[in-house]
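The values are calculated or read from the model by the stated rules, or taken from the named source; none is laboratory data. Remember, it's a predicted structure, so these values are computed and weren't measured experimentally. Note: ideal-geometry Cβ built from the backbone for every residue, glycine included; neighbour counts use all protein chains shown.
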Amino acid sequence: MPWTKALCPDGQTKTFDECLACRDRCLDQEVCEALFENERNWQAEEHTGDHISATALLGCLRSTYLERIIDYAQPPQSGWWSLRGKLIHKLVERPDMDNPYLRRSEMRLFARLNGLQLSGQLDNYQLRFLEQGVLKDFKSIGDNGLQYIIHDGAKEDHVWQTNIYAWLARQNGYRVDAIEIAYMSLMQVVNTGTRAVLTEYLMSPPSATGKRKRMIGPPRLVKRYPSGKKKWDCTYQIPPVPIYPDQQVIDFMAPRLMILHAAFSDAIMPLVAENEVRKWKCEGYCAVRAHCEAHEESMGRKLVIPS
Ligand code: SF4
């Protein structure tokens, strides 16, 4: 079972209904109602135990598995980013069309790999520009996170996710000539493979070195402040998402698919996530950490979180 209980700031665990009845709220009532409704619908429609989607193959496979088989509690606030993502998707979801160009929105595709079924829902697929297939994915992101996309391009997980979608598309007869990810914060939309402006507040104009190496053209002075700081608009070229060949995508997916299948069909616990994932996820972003730690202890081990 997925998220079924609310974890209060004081450490108490409450049912969703008890949380909604609380008069000393830690998060807006209507937002909580929407969050819980979304979660209840997810439980009813999508929790099928061995349903393996492209996104399930990313990040920590153990947390993917545990989040589906146990009830867990988490603070209401931690569900907000997911609901926010759904809202933004609704805003940009466009109707399908066949003429003059093919466009498919929210297209769910299926394919089999080593006898196992995998699925993925493509946000947007278009056949356009001289029959070139463009696969597009929309991501919501915090305003603070956008600078990393502007400096370095798409997140590694998102590159893999969209390449799995591209593989699924090819398996279903859709050509993919380009992958584009649109990162949407409340203030700005940044697309991979295009240009974007990052505003910086510095005494001197920033130069195109180090993390700013992809800056193009001179920074534009927008405003001077009495403190001496200046506001600069800097234009960056965002790297495009690379398209990996089928075999590279299969090499990435196959072992993960086997691990998840073994977990769902034979209750074989996936190993803890790799170091890079544990570094950011275990502390603060994992709702099933207590269960993970309990498993490690039962095996005579300790969960190690790299610093
Ligand atoms: S605590 Fe870390 S390793 Fe364990 S399930 Fe959560 S993310 Fe994975």
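Worth a mention:
- Check on ARG220, within 16 Å of the ligand (Cβ to nearest atom), more than 24 Å from ASP157 (Cβ to Cβ), free of Cβ contacts under 8 Å to residues at least 40 places away in the same chain and basic (Lys, Arg): no
- For the stretch 277-307, a residue qualifies if it is aliphatic (A, V, I, L, M) and under 21 Å from ARG68 (Cα atoms), and the qualifying residues are VAL277, ALA287, VAL288, ALA290, ALA294, LEU303.
- Check on PRO270, out of contact with any strand residue (DSSP E or B) (no Cβ under 7 Å at 6 or more places or on another chain) and at pLDDT 95 or above: yes
- When the stretch 274-292 is limited to residues that are basic (Lys, Arg) and within 7 Å of the ligand (Cβ to nearest atom), the one that is nearest to ALA263 (Cα to Cα) turns out to be ARG289.
- Hey, HIS295 within 16 Å of the ligand (Cβ to nearest atom) and not in a loop (DSSP other than H, G, I, E, B) or not: yes
- Helices (runs of 4 or more DSSP H) contained in the stretch 49-163 and holding at least 2 residues more than 14 Å from the chain's Cα centre (by Cα) and hydrophobic (A, V, I, L, M, F, W, C): 61-69, 80-92
- Filtered residues of the stretch 274-307 (kept if modelled with pLDDT of 95 or more and small (Gly, Ala, Ser)): ALA294, SER298, GLY300
- Condition broken by MET215, with the remaining ones in (1) more than 30 Å from ARG84 (Cβ to Cβ); (2) without any contact (Cβ under 8 Å) to a residue 40 or more places away in the chain; (3) surrounded by 14 or more Cβ atoms within 10 Å (Cβ to Cβ) satisfied: (1)
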